[in-house]
Amino acid sequence: MPYLYQDPKARPPALPRTARAIHSSGKTYTELKEECLRSRVLFEDPDFPACTSSLFFSENPPVPFIWKRPTDIVKDPKFILGGATRTDICQGDLGDCWLLAAIACLTLNEKTLARVVPLDQNFGPDYAGIFHFQFWQHNEWLDVVIDDRLPTFQGRLVFLHSAEHNEFWGALLEKAYAKLNGSYEALKGGSTIEAMEDFTGGVGEMYELKKAPENFYEILEKALKRCSMVACSIDISSAAESEAKTPFGLIKGHAYSVTGIDEVSYRGRQVQLIRMRNPWGKVEWSGPWSDNSPEWRSVSASEQRRLSQAALDDGEFWMKFEDFKVHFDKAEICNLTPDALEDSTAHKWEVTIHQGSWVRGSTAGGCRNFLETFWTNPQIKLHLTEKDDGQDDCTFIAALMQKDRRKLKKLGAEMLTIGYSIYESPGRDGHLGKDFFRYHPSKARSKTYINLREVSNRFKLPPGDYVLIPSTFEPHQEADFCLRIFSEKKAITEDLDENVAIDLPEPPNPSPSPQETEEEKQFRALFEQISGNDMEVSAEELEYVLNAVLKKTKHIKFKNLSLISCRNIISLMDTSGNGKLEFSEFKVFWEKMKKWINIFLQFDFDKSGCMSSYELRNALKAAGYQLSNYLLQLIVLRYSDEQFQIEFDDFLNCLIRLENASRVFQALCVKNKEFINLNIGE
């Protein structure tokens, strides 16, 4: 549920050394392991038990799986055997080739691998059946603890396994990632860039190879030299094509790792080659420059050794770069730090992170196609002050990520279609309204709205102030999101969330007017009829009066005002403290009521008698209340219906509660306008 309070301030990127332990016991990996060693028991993880719910949420295992520890599968299990390499990764009976391609890329960088897979783990004397791995999630590093019970069938691992049958780091890493996402089934289908980012905290960029820039070979070469992770795939036009084999031995809809790029001297000219790996550990490209192709006969033995060329059925192969662009459709690059790949110098980028939510009825406005609600989306201001070195513009990457959708798969959640637009700031603070977007086009936007976990694009804009609007494509879709801004030079970002401010006039003292209007005479007659001789109404009598009057008011939908609401009105308006309203007090309240009715009618744009909850921000501002996104979300949750509509009685209840709270706050705040001190009696 995306109603948790989110700090709107930009945050610095997380550091891996500060990985947070997330085990339900509150204990760290070291504490849990020492406890097991003292008790002489092997660890069993209550958070991810060895049962069907950890495997699947929508089906039962096709065959009876048996959970076994590596010590029960082989005689001499090893965590890592001869170094962790890409050939350790072989896919099992789970559609998570996207994850395995990322793990294979991970092995190409020792430092990155050691962060995700702490290497001081083994099956030696201090073995306790417990292992841990670290993953990046939405600007923090998490330490995920697991036991080493793995699903098997007929004594063999069902899912990821190593080509060496007694090596288990890959299978245990897959289990930890399955735990992070709720189950093994949650790992079915995905984008390699997703796992790459979870392994690095880096930022991804996607290229369509048919539209790749002319210098794409240099871009990939630079990316691999900087230890960026690279994967590629072939698009499918229907589910039936998934994992279909092409005439040249490539698999459609399947993630491949890019493990090398180089040039080779061939018959007097240089040929650009690229090396790929199929995570199955078999089934390879069979065209030019494949393992046994005749082209290699014209390459010297020393060149072949330099390129580690070997005719093995290990899933890895070379191909000509031009053939790569013809046969593959998509390439994904995860930059460990998003250095400018178009530029020949490496530089460190500045990173800021914003956490936010799209909440139905208040901040889930959809894209610009839905102008009536688009303006209600969260808004982030971006100050670009310093130009790139030797350039007139400022470069930055904006990466918008929807959070926890894979984890929520078991509840029926799918990836939402997300994107963002960037507008030039009009130079004023505060949330931009509907009319701004009606009359101003965007300066830049994400290439497309797409149902991926993250949408990221690189931009160059002149120095200045901009406003970025992250949104789902359709309105009313709920999710939490994380927005990361990577800039070459220092860029300042801030959430354009409203500061909470209250602008209420001092309540007038009830006083008899010298001459009553016709309306007041009618009210006095009704008031006398209900109140009796004392000319005061109780909460029950007020309930009768207001319901009688409001049900006759034109152009507003009104169900019923409750007794509790009427008690709140008396609490607000009762200056004498007798728990009842005198006619003069009621008259002051009625003036207030008329103002509120006019505001309601003003923001009932379709004249349906109801107000859209998305207009509540402006309606409350007209009544004197400037509220933050978080407070608006809570109010909409409390007062709107399933169609995001607010009837007048709910609007009235909201205003009464707000004014009561505001008056109490104003009475108690002494020295400043932002804080109050309360004792237990107050």
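Values for this structure:
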item	result
Packing-based ranking, highest mean first, of 173-185, 623-635, 388-400 given that Cβ atoms within 10 Å are counted	173-185, 623-635, 388-400
Top positive-direction residue, dipole computed over the chain with Cβ charges, set Cys367, Leu634, Leu150	Leu150
Charge dipole (the chain, unit charges on Cβ, about Cα centre) - positive-most of Leu106, Ala619, Ala163	Ala163
Sparsely packed GluC sites (Glu not before Pro) within the range 580-652, loop by DSSP, other Cβ within 10 Å at most 13	Glu642
In Hz, Karplus ³J(HN,Hα) per residue of the range 528-535 (6.51, -1.76, 1.60; θ = phi - 60°; x = Gly, Pro)	5, 4, 7, 7, x, 5, 6, 6
HN-Hα J in Hz across the range 429-441 - Karplus 6.51, -1.76, 1.60, θ = phi - 60°, x for Gly and Pro	7, x, 5, 6, x, 4, 5, 4, 6, 5, 10, 10, x
Per-residue [θ]222 nm for the chain (sum of -39500 (n - 2.57) over DSSP H runs n ≥ 4, rounded to 500)	-8000 deg cm²/dmol
About the Cα centre, charge dipole magnitude for the chain (Lys/Arg +1, Asp/Glu -1 at Cβ), debye	820 debye
J(HN,Hα) series, the range 54-67, from Karplus relation 6.51 cos²θ - 1.76 cosθ + 1.60, nearest Hz, glycine and proline x	7, 8, 9, 10, 10, 7, 9, x, x, 9, x, 7, 10, 7
Entries in Lys211/Lys410; Lys68/Lys403; Lys68/Lys225; Lys27/Lys403; Lys175/Lys460; Lys68/Lys188 that, when Cα-Cα distance is taken, lie over 30 Å	Lys211/Lys410; Lys68/Lys403; Lys68/Lys225; Lys175/Lys460
Ordering of 244-253, 551-560 by packing [mean C-beta count within 10 Å, highest first]	244-253, 551-560
Cβ crowding within 10 Å averaged over residues, with 371-381, 566-576, 35-45 ranked highest first	371-381, 566-576, 35-45
Share antiparallel - DSSP beta bridges, the chain, percent rounded to 5	95 percent
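Bear in mind these aren't lab numbers, they're just calculated from the coordinates by the rules spelled out. What you see is a predicted model; the values in this text were computed from it and never measured. Neighbour counts run over all protein chains shown; Cβ positions are idealised from the backbone, glycine included.
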